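Visitor: This is the structure, below, for whatever I ask next.
None of the figures in this text is laboratory data; all of them are computed from the coordinates on show. Since the structure is predicted, the reported quantities are computational estimates derived from the model, not experimental observations. Note that we place each Cβ from the backbone using ideal geometry, even for glycine, and neighbour counts take in every protein chain shown.
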Amino acid sequence: MPYINTFDRLAMQQGRQEAEERALHEKLASARQLLLLGVLSKEQIAEVLNLPLEKVTQLASE
């Protein structure tokens with residue numbers, strides 16, 4: 001296995017954090033769309049998208 005220095009490790013960590021933030025942004029956008037459709041309940045949306053119910057409820061009130 002090649003040597004990974006501190007800079008590489010920090011770059012990988014930053015990349016992982018950016019990917020997680022992007023994934024959360026996409027989940028929230030999907031939740032907004034599902035709320036607008038009105039087909040699923042807030043509980044169902046939270047479960048399907050693996051989001052806290054509080055976050056989906058907050059989106060619904062925006």
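Visitor: About its Cα centre, how strong a charge dipole does the chain have in debye, to the nearest 20, once Lys and Arg get +1 and Asp and Glu get -1 at the Cβ?
Guide: It works out to roughly 40 debye.
Visitor: Given the DSSP H assignment, sum -39500 (n - 2.57) over each helix run of at least 4 residues in the chain and divide by its residue total; what's the result at 222 nm in deg cm²/dmol, nearest 500?
Guide: Helices in the chain give a 222 nm mean residue ellipticity of -26500 deg cm²/dmol.
Visitor: Once the piece of chain linking residue 40 and residue 4 is laid out straight, how much longer is it, given 0.36 nm per residue of separation minus the C-alpha distance between them? Write down the numbers at each step before the final one.
Guide: Numbers: separation 36, 0.36 × 36 = 12.96 nm, distance 4.61 nm.
Full extension from residue 40 to residue 4 adds 8.4 nm.
Visitor: I need the peptides 13-21, 51-59 ranked by packing, meaning the mean over residues of other C-beta atoms within 10 angstrom, with the highest value on top.
Guide: So the peptides 13-21, 51-59, ranked by packing, come out 51-59, 13-21.
Visitor: Quick one: which of 22-30, 2-10 comes out on top by average Cβ neighbours within 10 Å, and what's the full order, highest first? Could you put the intermediate results ahead of the total?
Guide: Details: 22-30: 12.4, 2-10: 8.1.
Result, highest mean first: 22-30, 2-10.
Visitor: At residue 11 and residue 32, where each label point lies 7 Å from the Cα along Cα→Cβ, what is the point-to-point distance in nanometres?
Guide: Rounded to a tenth, the inter-label distance reads 3.3 nm.
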